[in-house]
Amino acid sequence: MKKETASGWVPLEEAVPVDLFKAEVQAWARRLQVEPLEIHVRPMKRKWASCSSRGRLTFDTDLLRQPAEFRRQVIVHELLHLKVPNHGALFRCLYRAYLAQAE
Ligand SMILES: [Zn+2]
């Protein structure tokens, strides 16, 4: 997911620890019924997250300081690529459906 996507800013004290973030990703993985091979958090320049064809997910460290709603959008987006490798109609439909469930 590219970084041009708009995001807000939250005070540093609202930042989540890496472990909690990974637990959030795992919780979503169960909900989407996908199994990421590995979950990494490291600084990324151009993207909020990426997903390898083998199921290795990488999230940008900056994401830990983003609002919960935006974090959720990035997490669901990347995990969904384990089901649908492109951004086609099926992807957009499932993406909306899963995020709607979260509310
Ligand atoms: Zn994508």
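Quick note: the coordinates plus some simple rules give every number you see, no bench work behind them. All values derive from a computational prediction rather than experimental measurement. Note that we place each Cβ from the backbone using ideal geometry, even for glycine, and neighbour counts take in every protein chain shown.
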**Asked** Given only helices, namely DSSP H runs of n ≥ 4 each adding -39500 (n - 2.57), what is the per-residue ellipticity at 222 nm of the chain, to the nearest 500 deg cm²/dmol?
**Response** -13000 deg cm²/dmol
**Message:** Between helix 18-32 and the chain, what is the angle of the helix's C-alpha long axis to the longest principal axis, kept within 0 to 90° and rounded to the nearest 10?
**Reply:** 20
**Prompt:** With no solvent and one point on each alpha carbon, what is the Debye value of log10 I(q)/I(0) for the chain at q = 0.17, 0.21, 0.23, 0.24 Å⁻¹?
**Reply:** -0.74, -1.17, -1.41, -1.54
**Request:** Two decimals is fine: what's Rg over Rh for the range 45-103, C-alpha atoms, Kirkwood radius as Rh?
**Result:** 0.96
**Item:** Value of relative contact order over the chain, rounded to a whole percent, pairs C-alpha under 8 Å and six or more apart
**Value:** 30
**Request:** Quick one: order 94, 82 by neighbouring beta-carbon count within 10 Å, fewest to most.
**Result:** 94, 82
**Request:** Tell me which residues come under 5 Å, amide H to amide H, from residue 49 once H is placed; ignore anything under 5 positions away on its chain.
**Result:** 60
